[in-house]
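The values are calculated or read from the model by the stated rules, or taken from the named source; none is laboratory data. Since this is a predicted model, take the numbers as computed values, not measurements. FYI the Cβ positions are ideal-geometry reconstructions off the backbone, even for glycines, and counts take in every protein chain you see.
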Amino acid sequence: MKNLKQKFHTETDIAGAWLSIGHPTVAEVTATEGFDFVLVDTEHTPLTLETVENMSRAVDGADGETETLVRVPSNDPVRIKRVLDIGVAGIMVPMIETADEAREVVDAVTYPPNGIRGVASGRASAYGDDFQEYVENANESIATVVQIETQTGLDNAREIAAVDGIDAVFVGPADLSANLGIFGEWENDRFDDAIERVVTAGEDADVPVGTFVVDPGDIEMRVEQDFDFLIVGKDTNHLSSGNEEVRQRYAETVSQQATPSMSED
């Protein structure tokens, strides 16, 4: 079985699912649906490290080959180290603006002598049972994804994508559009141009580029923009849209039943 890092380098059309609800059941149910990975967001959620660990356990225990990617809040080597010790498949780091920042991410993910990640046993190494094997192989098995979400990041997209050790680049659509002054204008020409710049930077560096889609109706548009992978759907949105659909259908059915039929005397 290929790990997520290998998939980024050898496969296209990888599909992920966005998780922001901090419950293992949500992670487990999602992992049974055939996604290559789930993205557990800790940047814009109150999820604790213990919660993320239990969600990762749920994903690992589900049928299938889904893996866990965690979005950390920032380019903080301490936070990155603690998340990786949980034993997840990789990390995503937001708001990367320069090649130097991208190198700092790679350094934080990588064990010495090539990086600065602290060495200790934990869930990632079966609590020490596989300690030496894990440390020897971790640098080649952890997926490192960086987000481009600002004008500065856009200006440096080629250099960021070309950093050795970056496995994928991710366009954060909400932040990028906001930084460009066109928040939510997904079909704006300036936003299209920005996407094309990042996708081209990825192509030149032979690094896959992905983005996030909430509305299923936008999937075709993003595929046509030549993204290599997508995170499709978000747990909270599935709940919201699903609840709205069934409530509305019930209300319409009751209303139809309550309307007397018109008949001739």
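Before moving on, here are some points about what is shown:
- Filter result (in a helix (DSSP H, G or I), surrounded by fewer than 18 Cβ atoms within 10 Å (Cβ to Cβ) and among the small types (Gly, Ala, Ser)) within segment 171-216: Ala174, Ala178
- The number of residues in segment 9-61 that are part of a strand (DSSP E or B) and touching a helix residue (DSSP H, G or I) at 6+ places or on another chain (Cβ under 6 Å) comes to 6.
- Scan of segment 150-167 for residues that are crowded, with 22+ Cβ neighbours inside 10 Å and of a type outside the set (A, V, I, L, M, F, W, C), ordered by number: Gly153
- Within segment 221-238, the set of residues being touching a residue at least 12 places away in the same chain (Cβ under 8 Å) and of a type in the set (A, V, I, L, M, F, W, C) comprises Met221, Phe227, Phe229, Leu230, Ile231, Val232.
- Selected residue [at pLDDT below 95 and of a type outside the set (Lys, Arg)] from Gly64, Gly22: Gly64
- Residue check, Asp167 touching a His at 6+ places or on another chain (Cβ under 8 Å), of a type outside the set (S, T, N, Q) and under 23 Å from Gly16 (Cα atoms): yes
- Filter result for the condition that a residue is farther than 25 Å from Leu4 by Cβ, over 16 Å from the mean Cα position of the chain (by Cα) and β-branched (Val, Ile, Thr), over Val254, Val199: Val254
- Applying a threshold of 6 Å to beta carbon distances and a minimum spacing of six or more residues, or different chains, the list of pairs starting in segment 239-259 at a residue that is closer than 19 Å to Thr30 by Cβ and ending at one that is assigned to a helix (DSSP H, G or I) and not aromatic (Phe, Trp, Tyr) is empty.
- Residues of segment 128-166 that are in contact with a Leu (Cβ under 8 Å, 6 or more places away or on another chain), under 24 Å from Glu11 (Cα atoms) and assigned to a loop (DSSP other than H, G, I, E, B): Ile142 alone.
- Restricting Ala89, Ala102, Ala120 to residues that are buried (at least 20 other Cβ atoms within 10 Å of the Cβ) and over 28 Å from Thr32 (Cα atoms) narrows the list to Ala102.
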